[in-house]
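Participant: Pasting a structure here, questions to come.
The values are calculated or read from the model by the stated rules, or taken from the named source; none is laboratory data. Treat the numbers as computed from the prediction; the structure is a model and nothing was measured. Cβ: placed from backbone, ideal geometry, glycine included. Neighbour counts: every protein chain shown.
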Amino acid sequence: MTVLVVNSGSSSIKYQLVDPVGGGAIASGVVERIGEETGSLTHTFGGRKVTRTDPIPDHAAGLRAVLALFDEVGPDLASSDVVAVGHRVVHGGSVFSTPVLVTDEVVDQIEAISPLAPLHNPANVTGIRVARELLPDVPHVVVFDTAFFHGLPEAASTYAIDRDVAREHGVRRYGFHGTSHHYVSRQVAQFLGRRVEDLNTIVLHLGNGASASAVRGGHAVETSMGMTPLEGLVMGTRSGDVDPAVLIHLQRNAGLSVDEVDDLLNRRSGLKGLAGENDFRALHDLISDGDEGAQLALDVYIHRLRKYIGAYTAVLGRVDVLVFTAGVGENDDVVRALATAGLEPLGLELDPNLNAGRKKAPTIVSRDVSRTTIVVYPTNEELAIARQAVEVAEAAGLTGEESDDSPAAAGHA
Ligand code: AMP
């Protein structure tokens with residue numbers, strides 16, 4: 001069986017045809033610049049990569065073009081046993097704590113949450129609507145980025161502001177990257193031959209977006225992103241934590257509009273704001289050339305990351321596993337070394353030899369004596385979405401497959 005995983009952005013559609021049992025990506029691609037003068041579509045299957053650059057007026061045209069490329073380049077979807085379409089949705093608000101089967105009501109609810117994620121949820125909804133029209137015979141499942149953090153303790157999810165105002169406007173900490181934190185915290189337990197119920201884990205998802213989570217016995221108890229994916233760690237283009245009064249100051253005294261502050265903090269801050277580059281490879285090159293702004297950007301990034309490691313150690317009390325994942329976490333040994341340097345008193349002892357280089361597979365990078373096992377575990381959000389989609393479709397009796405080795409029976413999530 002296979003699952004088509006779809007991630008719709010405001011002007012893009014990323015997709016992957018996934019084997020949820022074996023874990024492989026059978027085909028993948030991306031539609032970009034939807035609604036612009038020049039669109040682009042790249043589809044990869046069986047070692048063949050096909051690129052088209054026709055204009056793509058809207059998401060429906062984009063998905064139609066994707067389905068045409070499946071016909072032309074392969075694999076043939078009709079004979080690929082597609083048991084579900086899994087959609088990534090960024091914000092599930094206070095409503096959704098688990099992945100759910102798509103119904104008209106679910107689509108309306110996701111749309112109603114849009115004020116909390118104005119850039120993401122409307123695009124996700126468009127993608128779901130279009131996909132349901134074009135693939136009407138397959139169950140569609142939505143997997144929410146916030147769901148893993150739905151059960152955060154109230155002490156962690158509550159902002160200390162007027163309770164009535166907060167309640168009326170949905171102002172609380174929701175957390176994001178939940179699919180990745182959930183997947184990685186579970187998989188790493190399996191990798192170490194431990195029960196997830198027995199482990200306290202800190203997951204550092206360090207990509208262009210970045211977030212940390214503290215997971216006790218498989219349940220998230222703290223995470224760094226808040227009402228939106230802006231809070232917390234320093235990111236590629238996002239500021240992470242700032243004093244909220246900075247926003248007031250910029251609007252009241254510097255004359256910036258609400259949209260300008262939004263743009264500043266989300267797209268012109270983080271590494272990009274400090275160094276002009278949001279990619280760590282470019283940042284390291286600048287540092288090698290003696291660029292002081294780039295060095296400061298790295299220092300600020302690492303300082304913030306270490307503060308969160310310390311804070312989450314206090315939240316958990318005992319940390320069994322520290323996991324690095326996503327683009328930076330998997331590839332940047334300098335970041336991993338700086339993040340953990342000198343933290344032996346907290347039980348973190350990185351092994352420089354094991355840590356060296358990029359990690360394409362799960363790897364233990366701490367010394368045997370380290371109280372906390374430090375692991376690099378590559379995340380795979382598409383696979384996580386595919387497996388959850390199968391579980392939901394199977395539970396609803398919609399896949400026609402009830403084998404003992406199904407992901408649900410095997411305990412994957
Ligand atoms: P992601 O959002 O998980 O795809 O991560 C993207 C980020 O990973 C990029 O912006 C880079 O900062 C970082 N990255 C990717 N490859 C490397 C690499 N080889 N070395 C260092 N950083 C990398």
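Participant: I need the full set of residues from segment 76-91 which are part of a loop (DSSP other than H, G, I, E, B), touching a residue at least 60 places away in the same chain (Cβ under 8 Å) and on the phi < 0 side of the Ramachandran plot, in order please. Spell out how you get there, then give the answer.
Facilitator: Filtering segment 76-91 for residues part of a loop (DSSP other than H, G, I, E, B) gives 76, 80-81, 90-91.
Those left that are additionally touching a residue at least 60 places away in the same chain (Cβ under 8 Å): 80-81, 90-91.
Within segment 76-91, Ser80, Val90, His91 qualify.
Participant: So, one more: Which numbered condition trips up Glu402, out of (1) at pLDDT 95 or above; (2) surrounded by fewer than 16 Cβ atoms within 10 Å (Cβ to Cβ)?
Facilitator: The one condition Glu402 does not meet is (1).
Participant: Going by the conditions given, is Leu134 out of contact with any Gly (no Cβ under 9 Å at 6 or more places or on another chain) and modelled with pLDDT under 95? Working first, answer last.
Facilitator: Details: out of contact with any Gly (no Cβ under 9 Å at 6 or more places or on another chain): yes; modelled with pLDDT under 95: yes.
Yes; evaluated as a whole, the condition is true for this residue.
Participant: Restricted to segment 221-252, and to residues that are assigned to a loop (DSSP other than H, G, I, E, B) and among the small types (Gly, Ala, Ser), which residue is surrounded by the most Cβ atoms within 10 Å (Cβ to Cβ)? Even if it seems obvious, please write down each step before you answer.
Facilitator: Within segment 221-252, the first condition is being assigned to a loop (DSSP other than H, G, I, E, B), and the residues that meet it are 224-244.
Still in the running and among the small types (Gly, Ala, Ser): 224, 226, 232, 236, 239-240.
Details: Ser224: 26, Gly226: 19, Gly232: 24, Gly236: 23, Ser239: 20, Gly240: 23.
Checking each candidate, the answer is Ser224.
Participant: Looking at segment 188-208, which of its residues are more than 16 Å from the ligand (Cβ to nearest atom) and small (Gly, Ala, Ser)? Full working, then the answer.
Facilitator: Filtering segment 188-208 down to residues more than 16 Å from the ligand (Cβ to nearest atom) leaves 188-202.
Of everything in segment 188-208, those that are more than 16 Å from the ligand (Cβ to nearest atom) and small (Gly, Ala, Ser) turn out to be Ala189, Gly193.
Participant: List every residue pair whose Cβ atoms sit under 8 Å apart, with the two residues 6 or more apart in sequence or on different chains, where the first one lies in segment 260-284 and is part of a helix (DSSP H, G or I) and the second, anywhere, is basic (Lys, Arg).
Facilitator: Listed pairs, sorted by first residue: Leu265/Arg238; Asn266/Arg238; Arg267/Arg238; Gly270/Arg238.
Participant: Same structure again: Looking at (1) over 26 Å from the mean Cα position of the chain (by Cα); (2) assigned to a helix (DSSP H, G or I); (3) under 17 Å from Ser11 (Cβ atoms), which is the only condition Leu63 fails?
Facilitator: All conditions pass for Leu63, except number (1).
Participant: Working only within segment 284-302, note down all residues that are within 21 Å of Val242 (Cα to Cα) and away from the ligand (no atom under 11 Å from the Cβ).
Facilitator: Answer for segment 284-302, where residues must be within 21 Å of Val242 (Cα to Cα) and away from the ligand (no atom under 11 Å from the Cβ): Gly293, Ala294, Gln295, Leu296, Ala297, Leu298, Asp299, Val300, Ile302.
Participant: What are the pairs with Cβ atoms under 8 angstrom where one residue, in segment 185-201, is within 22 Å of Ala311 (Cα to Cα) and free of Cβ contacts under 8 Å to residues at least 40 places away in the same chain and the other, located anywhere, is buried (at least 19 other Cβ atoms within 10 Å of the Cβ) and of a type in the set (Lys, Arg)? Sequence gap at least six, or different chains.
Facilitator: Close Cβ pairs (under 8 Å, with a partner that is buried (at least 19 other Cβ atoms within 10 Å of the Cβ) and of a type in the set (Lys, Arg)) amount to Val196/Arg186.
Participant: Now a separate question. In segment 313-341, which residues are near the ligand (Cβ under 10 Å from one of its atoms) and aliphatic (A, V, I, L, M)? Even if it seems obvious, please write down each step before you answer.
Facilitator: Residues of segment 313-341 near the ligand (Cβ under 10 Å from one of its atoms): 325-335.
Correct list: Ala326, Val328, Val334, Val335.
Participant: Oh, and also: Name the single residue, out of those in segment 270-283 being over 20 Å from the mean Cα position of the chain (by Cα) and surrounded by fewer than 16 Cβ atoms within 10 Å (Cβ to Cβ), that is nearest to the ligand (Cβ to nearest atom).
Facilitator: For segment 270-283, the residue satisfying everything is Arg281.
Participant: Related question: Report those helices (runs of 4 or more DSSP H) wholly inside segment 94-166 carrying at least 2 residues which are surrounded by 20 or more Cβ atoms within 10 Å (Cβ to Cβ). Let's see the steps before the verdict.
Facilitator: Working: elements: 104-112, 121-134, 154-157.
Passing ranges, in order: 121-134.
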